[in-house]
1. Identify all residues within the stretch 57-83 that are surrounded by 20 or more Cβ atoms within 10 Å (Cβ to Cβ) and part of a loop (DSSP other than H, G, I, E, B); write none if there are none.
2. Tally up the residues in the stretch 44-62 that are without any contact (Cβ under 8 Å) to a residue 12 or more places away in the chain and more than 19 Å from residue 78 (Cα to Cα), please.
């Protein structure tokens, strides 16, 4: 296995272990609507992190924690709107992030979400 460097939104380098441009096969069920073999890593890093935060099991979470910088995960959690309030709240607690910093937990966003999906 070779080691590859990836850059997150704030230009801090992080180490990613594995084959360049590929994520492990066991993550394939998390990406049901896209062509898994065309997912380029780290190019689609934020998308991959969001999916693992929302749908990942223990194995996926372990892989994410072992292979991605904690700050990159925190950045995705804070800036994404696509997580459910339950998942966002859970990860905010686990990662020690103030809920006010998590975009999808903001009142204005939750109000819009309830309007579109009242369940």
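The numbers here are math on the coordinates, done by the rules we state, and not lab data. Only a predicted model underlies this, so the values are computations on that prediction, with no experimental measurement involved. Virtual Cβ from ideal backbone geometry, glycine too; neighbours counted across all protein chains shown.
1. Once the filter is applied, which keeps residues that are surrounded by 20 or more Cβ atoms within 10 Å (Cβ to Cβ) and part of a loop (DSSP other than H, G, I, E, B), the stretch 57-83 yields 68, 83.
2. Just the residues of the stretch 44-62 that are without any contact (Cβ under 8 Å) to a residue 12 or more places away in the chain, to begin with: 44, 47, 57-58, 61-62.
Okay, now just the ones that are also more than 19 Å from residue 78 (Cα to Cα), so 57-58, 62.
Total meeting the criteria: 3.
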